[in-house]
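Chemist: Got a structure here, written out as structure tokens. Questions coming.
Only the coordinates and a few stated rules stand behind these numbers; no lab work does. Since the structure is predicted, the reported quantities are computational estimates derived from the model, not experimental observations. Positions of Cβ are generated from backbone atoms using ideal geometry, with glycine treated the same way; all protein chains shown enter the neighbour counts.
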Amino acid sequence: MSESVAIAGETKADRYRELLPQLRGLVDGEPDLVANLANIVAALRECVTAASWLGVYIMRDGELVLGPFQGKVACVRIAVGRGVCGTAAAEKRTVIVPDVEKFPGHIACDAGSRSEIVVPILRDGIVVAVLDVDSYDLASFDEEDAAGLAPIAELLGTLAW
Ligand code: SME
């Protein structure tokens, strides 16, 4: 297996589209959840060039707990309904935050973070985790990211939670 993902597309939509089969290839035949999350997060980090932090929070006993990520040390536990991550989990919807200062209750793990997108990961309709991507720039994420990340979240939902 090659050490890196190959993403040449110029538009975000192209890049996400190119990444998806490579993510499938990364996890194919491997049952270990942590290994698969770690590799998916690493591959996604290469794809999403705007990301300053990218990782998952895993639902454990009704609370979101930090999982594999790329970036700076982050907050470990987030209550459902709190912050951007907890909101996405509580409402089972992707939350795009163009300016974190305008999102009431935003949890600042890294004071440099300016925008964020959080996508819930569902298995059988139940939130098992969220995918969180932060950026140091304002308005880094939009509907194109939401659309590109949706099938990736779907793939994540098929892992061995
Ligand atoms: N900003 C997130 C917290 C997680 S960190 O960004 C890694 C939130 O408001 O839920």
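Chemist: Based on the Cα coordinates of the stretch 71-159, what is the per residue volume of their convex hull in Å³?
Modeler: 95
Chemist: Given the peptides 89-97, 65-73, arrange them by the average over their residues of other C-beta atoms within 10 Å, most packed first.
Modeler: On the way: 89-97: 18.6, 65-73: 16.7.
Highest mean packing first, the order is 89-97, 65-73.
Chemist: Next up: Using +1 on the beta carbon of Lys and Arg, -1 on that of Asp and Glu, and nothing else charged, what's the dipole of the stretch 1-87 about the Cα centre, debye to 20?
Modeler: 380
Chemist: Counting only C-alpha contacts under 8 Å and six or more residues apart, can you give the relative contact order of the chain as a whole percent?
Modeler: Once divided by the residue count of the chain, the mean separation gives 22 percent.
Chemist: Grab the Cα-Cα distance for A147 and R24, subtract it from 0.36 nm times how many residues apart they are, and report the gain in nm with one decimal.
Modeler: On the way: separation 123, 0.36 × 123 = 44.28 nm, distance 1.73 nm.
Once the chain is fully extended between A147 and R24, it gains 42.5 nm.
Chemist: In addition: Put a dot 7 Å past each Cα toward the Cβ at D14 and D124; how far apart are the dots in nm?
Modeler: 4.1
Chemist: Please give the FRET efficiency for D99 paired with V34, using the beta carbon to beta carbon distance and R0 = 25 Å, rounded to the nearest 0.05.
Modeler: After rounding, the FRET efficiency stands at 0.15.
Chemist: Give, in nm to one decimal, the length gained when the segment between C75 and T158 is fully stretched (0.36 nm per residue of separation minus the Cα-Cα distance).
Modeler: Contour length minus the Cα-Cα distance gives 27.3 nm.
Chemist: With charges only on Cβ, +1 for K and R and -1 for D and E, what is the dipole size of the stretch 1-155 about its Cα centre, in debye, rounded to 20?
Modeler: With Lys and Arg at +1 and Asp and Glu at -1, about 360 debye.
Chemist: Under a cut-off of 23 Å between alpha-carbon atoms, report the lysines in cross-link reach of K72, not counting same-chain residues fewer than 8 places apart.
Modeler: Output for K72: K102.
Chemist: Based solely on C-alpha atoms, express the radius of gyration and the Dmax of the chain in angstrom.
Modeler: 14.5, 44
Chemist: Restricting to DSSP loop positions (anything but H, G, I, E, B) with no more than 14 other Cβ atoms inside 10 Å of their own Cβ, which GluC sites (Glu not before Pro) remain in the stretch 1-49? Don't skip to the answer; put the middle values down first.
Modeler: On the way: sites: E3, E10, E18, E46; in loops: E3, E10.
Qualifying residues, ordered by number: E3, E10.
Chemist: In nm², what is the average projected area of the convex hull enclosing the Cα atoms of the stretch 2-86?
Modeler: Taking a quarter of the hull surface, the average projection is 6.5 nm².
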